Amino acid sequence: MSLLTCSGFSPTPVQRKWNESIKKRIHVGDPEGAILTYLNMQLLGIVADNYTYPLLLKAAGTCSTSCVGFALHAHTLKTGFAAHAFVQTALMNMYGTFNRVADACKVFDTMPKKDVVAWNSMLDAFASNGMMEEALNLFNSMPLKDFTSFNIMISGYSSKGKIVSARGVFDEMTLRDSVSWNSIITAYARVGVMETAGKFFREMPIKNVITWNAMITGCLQTQLYEEAIDLFGQMIAQGCASDFVTVTGVLSASAHLGSLEKGKEVHIYAIDNGLASSPHVTTALIDMYAKCGSIEQCLLAFYKSQVKDIYCWNALISGLALNGHGYAALKLFSEMRLHGVKPDDITFICLLSACCHSGLVEEGCQLFDCMKMEFGISPKLEHYGCMVDLLGRARRLDQAYQLVEAMPFELGASILGALLSACVNNQDLRVGARVIQLAFSRAPYLSDGELMMFANMYASCGQLDEAERWRHAMEDSGIVKTPGWSIIEVNGKFYKFLAGEPSKSTRLIINGTL
């Protein structure tokens with residue numbers, strides 16, 4: 001039966017039904033369910049075909065373990081489908097997903113006849129794993145190329161930050177599809193060159209939701225939050241349907257600007273367009289309302305959500321922490337555990353932050369200690385930063401300094417800043433002098449913020465001459481202090497204020513530009 005099917009016979013109605021069931025499981029993001037469907041199929045004695053295995057191998061590529069993929073490969077060999085072109089292509093894609101490029105090469109080399117799909121699968125295995133030299137050699141040797149071939153190369157160079165090479169491939173194309181345009185826009189947006197990304201965006205003949213999302217995401221990465229919101233308005237005006245990625249991005253922009261009015265507008269849009277039920281959107285809503293200070297709306301967004309993943313729980317814990325509700329954050333953590341949700345490293349960053357904002361020193365120390373012992377989570381640099389901040393606020397500077405010394409990481413700017421800030425606030429020159437020595441042992445060249453903290457620390461302790469010496473040292477080194485700034489929204493327009501500027505030079509932000 002399997003050999004007949006492999007030779008090109010159409011699947012039976014029963015096989016077609018099972019294949020559709022497997023396909024539906026994959027479509028809803030349930031690869032494990034797709035594999036279980038196949039196992040049930042086997043138990044009932046129903047033979048798989050050359051359409052079944054490509055679906056299963058695709059599902060295996062998204063599973064957390066590669067063992068399922070290896071087992072399926074063995075099944076294809078046993079049933080005789082391993083020599084089928086569809087199956088071989090799926091095997092290459094799966095091995096590429098597992099970062100097992102050598103295994104993908106073995107499959108590719110055994111193919112007696114290679115069509116453009118097979119060549120592209122091997123090309124993608126190289127490019128998606130950052131092996132662009134090998135990808136280029138294969139690309140140049142391809143007997144036939146299509147849009148996908150060029151797009152794979154553009155995307156591969158983009159992921160490596162090789163924007164010149166990506167542009168070279170794009171310029172080489174005589175005809176381009178929407179994926180080509182989206183790939184080059186994403187390439188420039190990814191490295192923060194939004195001006196060029198915008199140029200291609202305007203030149204693109206027909207834009208789709210992926211195009212708009214690439215631009216909005218690029219604006220977020222380069223802190224052009226007003227531009228991201230403006231793009232969303234243009235997108236809606238032009239009748240392009242958005243998705244959860246769009247809404248999540250615009251909510252994030254609203255959160256960074258503290259624009260509650262705009263955030264509410266996007267929330268209403270998400271509800272009207274059936275996007276509010278997405279856990280990604282729920283997380284973004286919780287974050288936006290929390291950062292805009294509307295903790296009641298933050299809680300409503302969380303408890304109205306039917307599906308709550310770990311990101312939703314973390315977002316609410318972080319929101320409670322940000323608004324000074326430390327005890328509520330700890331209570332929510334207990335509720336989270338009762339619901340069987342396993343905390344991750346982000347959960348503990350949020351919890352420690354809650355303890356910092358509410359002065360819960362003992363609770364914070366207990367959480368830090370139980371991370372590894374109870375939950376098997378090794379503290380990262382961010383956790384140490386929270387602990388230094390917590391201990392510093394509690395005037396336990398010696399304990400904070402000892403924690404930093406015992407830290408199994410290099411002293412980063414965030415840790416140094418937290419420790420120095422605590423010394424300034426507590427006017428502790430003794431520990432502060434030790435921190436300065438520690439800072440110079442880390443790097444001989446310090447940032448403007450660090451040097452200003454040194455000066456502020458001596459000034460706070462009444463040693464004005466020493467403070468002035470540090471300020472002169474910064475000037476002599478040619479370091480200029482980065483000016484602080486703030487943004488306010490008035491009648492839908494955003495105004496930016498720079499520290500030290502006269503009020504008459506306040507600048508209006510229009511479409512993300514000054």
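The values are calculated or read from the model by the stated rules, or taken from the named source; none is laboratory data. Computed from a prediction, not measured in an experiment: that's the story for all the values here. Neighbour counts are summed over all protein chains in view; Cβ atoms, including those assigned to glycine, are modelled from backbone coordinates with ideal geometry. Calculation scope for accessible area: heavy atoms of the full protein, side chains included, ligands and nucleic acids excluded. Shrake-Rupley method; radii C 1.70, N 1.55, O 1.52, S 1.80 Å.
The one condition from (1) touching a residue at least 12 places away in the same chain (Cβ under 8 Å); (2) open to solvent by 50 Å² or more (accessible area, probe 1.4 Å); (3) not charged (D, E, K, R) that F170 does not meet is (2).
Of the helices (runs of 4 or more DSSP H) lying entirely inside region 380-463, those carrying at least 3 residues that are at pLDDT 85 or above and open to solvent by 30 Å² or more (accessible area, probe 1.4 Å) are 381-393, 397-406. Yes or no: region 123-142 includes at least one residue that is closer than 27 Å to A60 by Cα, of a type in the set (A, V, I, L, M, F, W, C), modelled with pLDDT under 95 and over 23 Å from the mean Cα position of the chain (by Cα). Within region 123-142 (the criterion being closer than 27 Å to A60 by Cα, of a type in the set (A, V, I, L, M, F, W, C), modelled with pLDDT under 95 and over 23 Å from the mean Cα position of the chain (by Cα)), the answer is no, since none of the residues qualifies. Restricting region 148-167 to residues that are among the β-branched types (V, I, T) and closer than 22 Å to V116 by Cα leaves a set whose member that is least open to solvent (accessible area, probe 1.4 Å) is I154. State which residue is farthest from the chain's Cα centre (by Cα) when the search covers only region 1-25 and only residues that are of a type in the set (A, V, I, L, M, F, W, C) and modelled with pLDDT of 85 or more. Selected residue: V14.
Listed here are the residues, each with its yes/no results for (1) under 21 Å from F150 (Cα atoms); (2) among the charged types (D, E, K, R).
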| residue | (1), (2) |
| --- | --- |
| I185 | yes, no |
| G192 | no, no |
| E195 | no, yes |
| K199 | yes, yes |
| P205 | yes, no |
| I210 | yes, no |
| A214 | yes, no |
| L224 | no, no |
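Across region 142-199, the number of residues qualifying as more than 17 Å from N120 (Cα to Cα) and aromatic (F, W, Y) comes to 2. Here E265 meets the list (1) surrounded by fewer than 19 Cβ atoms within 10 Å (Cβ to Cβ); (2) of a type in the set (D, E); (3) touching a residue at least 40 places away in the same chain (Cβ under 8 Å) almost entirely, failing just condition (3).
Within region 96-107, is there a residue that is part of a loop (DSSP other than H, G, I, E, B) and over 25 Å from M132 (Cα atoms)? No, region 96-107 has no match at all. Look at K331 and say whether it is surrounded by 18 or more Cβ atoms within 10 Å (Cβ to Cβ) and basic (K, R). It is false that K331 is surrounded by 18 or more Cβ atoms within 10 Å (Cβ to Cβ) and basic (K, R). Identify the residue in region 91-106 that is open to solvent by 10 Å² or more (accessible area, probe 1.4 Å) and in contact with a Leu (Cβ under 9 Å, 6 or more places away or on another chain) and, among all such residues, is nearest to Y51 (Cα to Cα). Restricting to residues being open to solvent by 10 Å² or more (accessible area, probe 1.4 Å) and in contact with a Leu (Cβ under 9 Å, 6 or more places away or on another chain), the top hit is N93.
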